[in-house]
Amino acid sequence: MTKIDLITGFLGSGKTTFIKRYVHHLLSNGEKVGIIENDFGAISVDLLLLHEEFGDDIGLEMIVAADKDCYRRRFKTKLISMGMLGYDRIIVEPSGIYDVDEFFDILFESPLDRWYQRGNVISVVDSNLGDLSETSKYILAAQLSASGIVVLSKLDAADSDLATATRERMNQVLADYHCRRKLEDKDILAKPWSELDDNDYAKIQSAGYYSESYQKEDIYDNNHYASLFYYNVHLTEEDMRKMLLDLFADTAVGNIHRIKGFVPNADGSWLQVNATSTNLDIATVSAGQEVLMVIGENLDETEIGKIVEGRSTTKDITKGKTAHREHKLSYDRRE
């Protein structure tokens with residue numbers, strides 16, 4: 001049977017970066033790996049990032065869906081088609097707002113229940129959680145409740161005090177939603193990712209998952225998560241960095257969690273952007289898709305547009321928006 005891992009994590013936590021390291025380890029050990037990107041918009045920047053990293057060394061698929069039923073059908077169809085290709089492991093990277101119950105429910109359906117072995121639920125959590133809205137806390141609690149292991153991101157060095165503080169914060173979030181799960185040190189991997197060794201990856205690969213109940217809340221009618229898309233944005237690397245700093249510093253734009261995408265360079269290469277308020281990651285890559293995405297809560301399109309258009313050397317920028325209300329999958333299903 002093909003093992004299947006789910007890697008969860010809130011917006012901007014570092015899921016895609018972790019997946020790169022995890023997959024490189026799996027490939028080095030001879031595993032044939034496939035990745036499914038779950039997205040609810042027409043564009044998946046993370047898919048392009050992974051293709052840039054691995055090329056044809058892995059199977060890479062994306063699911064785009066606008067509602068629960070469409071998502072279920074396409075996810076099941078994709079798993080059936082990939083199940084025929086002889087992968088040792090399938091990794092599922094969902095969006096930052098996702099219900100783990102939905103993942104398990106689909107794997108119980110025929111023929112998937114005969115083809116796939118449920119492997120691990122791995123949660124990537126920013127070691128500097130910062131201020132979270134009530135909606136964000138709820139999503140974090142839902143993900144932590146099922147996690148076999150929590151991998152802390154953005155640690156520059158082994159920091160036991162920070163790891164302890166983050167663990168206490170996560171346990172408080174779980175307790176706030178009446179979840180009996182209590183994370184212990186053994187449930188958390190807290191070290192710089194550049195220092196992960198074979199023992200660490202062995203721990204991740206044997207982490208498994210949990211099934212714990214927690215208080216369900218109907219938060220989605222008041223859910224203000226959204227993604228803004230900007231096309232035909234042209235910036236130098238210096239101006240891109242300035243623009244990112246402006247966006248994260250300006251409280252009038254709303255609560256931005258992540259900015260990602262690609263901007264063309266004059267020489268035919270691309271600037272790859274993957275930024276949070278604590279990490280502005282800009283790199284030059286050979287392939288991309290001309291789009292910049294701003295993801296967050298209560299975003300003010302007008303104020304964000306002023307900053308983006310003010311920095312860009314082109315003024316014929318086109319825009320798009322995807323609300324994340326459609327991410328209501330089945331948070332109210334588990335009793």
Percent of all Cα-Cα pairs per 5 Å bin for region 71-222, counting from 0 up to the last occupied bin, reads 2, 8, 17, 19, 19, 15, 11, 7, 2, 0
Compactness of region 231-305, expressed as Rg and Dmax over alpha-carbon positions, Å
12.0, 37
Tell me the mean residue ellipticity at 222 nm calculated for the chain from its helices only (DSSP H runs of n ≥ 4, each -39500 (n - 2.57), averaged over every residue, nearest 500).
-10500 deg cm²/dmol
Give the value in nm², to one decimal: projected area of the alpha carbon convex hull of the chain, averaged over all directions.
16.4 nm²
Hey, which lysines would be in cross-link range of LYS315, C-alpha to C-alpha under 26 Å, not counting anything within fewer than 8 residues on its own chain?
LYS242, LYS260, LYS306
I'd like to check one number: the per residue accessible area of the chain, probe 1.4 Å, reported in Å² as a whole number.
43 Å²
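Shape of region 170-266 from its Cα gyration tensor (a ≥ b ≥ c, root eigenvalues): rounded if a/c is under 1.5, otherwise prolate when a/b > b/c, or oblate? Could you put the intermediate results ahead of the total?
Numbers: a/c = 2.82, a/b = 1.47, b/c = 1.92.
Here region 170-266 falls in the oblate category.
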In nm, spacing of pseudo-spin labels at ASP113 and ARG241 (7 Å Cα→C-beta vector)
5.6 nm
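Between LYS3 and LYS191, what length in nm is gained on full extension when 0.36 nm per residue of separation is reduced by their alpha carbon distance?
Details: separation 188, 0.36 × 188 = 67.68 nm, distance 2.57 nm.
Extending this stretch completely gives an extra 65.1 nm.
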Report, to the nearest whole %, how much of the accessible area of the chain belongs to carbon and sulfur atoms, 1.4 Å probe, protein only.
44 percent
Filtered hits (aspartates and glutamates, Cα-Cα < 13 Å from LYS78, offset >= 8 within chain) -> GLU37, GLU61
Run the 1.4 Å probe and let me know the accessible area of THR251, rounded to the nearest 10 Å².
130 Å²
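Counting only C-alpha contacts under 8 Å and six or more residues apart, can you give the relative contact order of the chain as a whole percent?
Reported as a whole number, the value is 19 percent.
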Compute log10 of I(q)/I(0) for region 99-143 with the Debye formula, placing one identical point scatterer on every Cα and leaving out solvent, at q = 0.15, 0.17, 0.31 Å⁻¹, to two decimals.
-0.54, -0.63, -1.16
Once the in-chain neighbours fewer than 8 apart are removed, the lysines whose Cα is under 26 Å from LYS203 read LYS3, LYS15, LYS20, LYS32, LYS154, LYS182, LYS186, LYS191
Residue by residue through region 16-25, which ³J(HN,Hα) values in whole Hz follow from phi under the Karplus form 6.51 cos²θ - 1.76 cosθ + 1.60 (θ = phi - 60°), with glycine and proline marked x?
5, 4, 5, 4, 4, 5, 4, 5, 4, 5
Note on region 268-312: contact order normalised by length, alpha-carbon pairs under 8 Å, 6 or more apart, percent, works out to 27 percent
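The values are calculated or read from the model by the stated rules, or taken from the named source; none is laboratory data. The structure displayed is predicted, hence computed values, not measured ones. Reconstructed Cβ throughout: ideal geometry from the backbone, glycine too, with neighbour counts over all protein chains shown. Surface accessibility is based on the protein's heavy atoms, side chains included, excluding ligands, DNA and RNA. Shrake-Rupley method; radii C 1.70, N 1.55, O 1.52, S 1.80 Å.
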